[in-house]
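Below: one structure, written as structure tokens.
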Amino acid sequence: MTITPPESEGCGGFCRACGTMHWLPPGSARHEAQLLQDRLAKQRTIALPPASRDVEGNLSTAWLFGPQRGKMFGVLECRDDEGRHTFLYGFSGQYNGLWLVPGWAPPLFDIDRFMEVTDPVERRIKNLGRHLEQETDSSAKKEMRTVRKRLSRQLMKRIHELYRLKNFAGQTATLEKAVGPAAPLPTGIGDCCAPKLLNQAAKLGLAPLSLVEFYFGRTNLSNTRLHGHFYPPCTDRCEPLLGFLLCGAASI
Ligand SMILES: [Zn+2]
Ligand SMILES: [Zn+2]
């Protein structure tokens, strides 16, 4: 069964500092996103500008139609100090194992620090996994599983602590501070297009005007994301951040 998704109506979230919603319309970002989709389809690479060697390389769009399936992409329309309009592009999470691709909004953390924190722990977790496969004693297995779970949880917490979000009021916050004291942080929070794009615009001193996100590639496993369709930023990971991130933007 195919679920028909609602078309994007822009993005926004509740700002605890102002006690109100901050909101961006789809505006001109919608048309620019359509052009970006056409470009991705035609050039078969996300390299900006496209280099022919990337069609077969890490930046090839073929990856989006394979076992890893598609991905969300985002476009943010901005205005600079002199009134010129410009567009920022973003993809969710990593692209084919890459956090950083020139021309696309970077993640909300320092990549070197991220590697320093994750590499040793991930090696330990992998090691434990290998031992687990060889272990025959059930109580030893149980113990290993508990340790592995604890390591993963601790790692997630340390990863979350690396994120820094900048908004248009000139404030910088951790994920925890941006979300507020409510629920625990969901996995993948801060890795979607909207937070990356807004943080990047704030860092560059650009005023955000409109934002859209679309899905590109093979339909996701739960059949809720279809190639070429527009979707609003997700409610579980993005919405809790958008109030903080949009705070201080001149156009809202
Ligand atoms: Zn999201
Ligand atoms: Zn605010």
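Bear in mind these aren't lab numbers, they're just calculated from the coordinates by the rules spelled out. Bear in mind that the values here come from a model prediction, so they are computed numbers and not experimental data. Neighbour counts are summed over all protein chains in view; Cβ atoms, including those assigned to glycine, are modelled from backbone coordinates with ideal geometry.
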Filter region 190-213 for residues that are away from ligand 2 (no atom under 16 Å from the Cβ) and surrounded by fewer than 24 Cβ atoms within 10 Å (Cβ to Cβ) and give the result. 191, 192, 200, 203, 204, 205, 206, 209, 210
Long-range neighbours under 8 Å by Cβ, at least six apart or interchain, first residue under 14 Å from residue 186 (Cα atoms) within region 140-169, second polar (S, T, N, Q) and away from ligand 1 (no atom under 16 Å from the Cβ): 155/118; 159/118; 160/174; 161/174; 163/174
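State yes or no: is residue 101 of a type outside the set (Lys, Arg), surrounded by 13 or more Cβ atoms within 10 Å (Cβ to Cβ) and more than 17 Å from the chain's Cα centre (by Cα)? I'd like the intermediate steps shown before the answer.
Details: of a type outside the set (Lys, Arg): yes; surrounded by 13 or more Cβ atoms within 10 Å (Cβ to Cβ): yes; more than 17 Å from the chain's Cα centre (by Cα): no.
So residue 101 fails the test.
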Please find, among 92, 28, the residue that is in contact with a Lys or Arg (Cβ under 9 Å, 6 or more places away or on another chain) and surrounded by 13 or more Cβ atoms within 10 Å (Cβ to Cβ). 92
Among the numbered criteria (1) in a loop (DSSP other than H, G, I, E, B); (2) within 27 Å of residue 73 (Cα to Cα), which one does residue 113 miss? (1)
Considering only residues of region 33-48 that are farther than 14 Å from residue 227 by Cα and of a type outside the set (A, V, I, L, M, F, W, C), which is surrounded by the most Cβ atoms within 10 Å (Cβ to Cβ)? 45
Out of the residues in region 214-252 that are away from ligand 2 (no atom under 16 Å from the Cβ) and at positive phi, which is surrounded by the fewest Cβ atoms within 10 Å (Cβ to Cβ)? 223
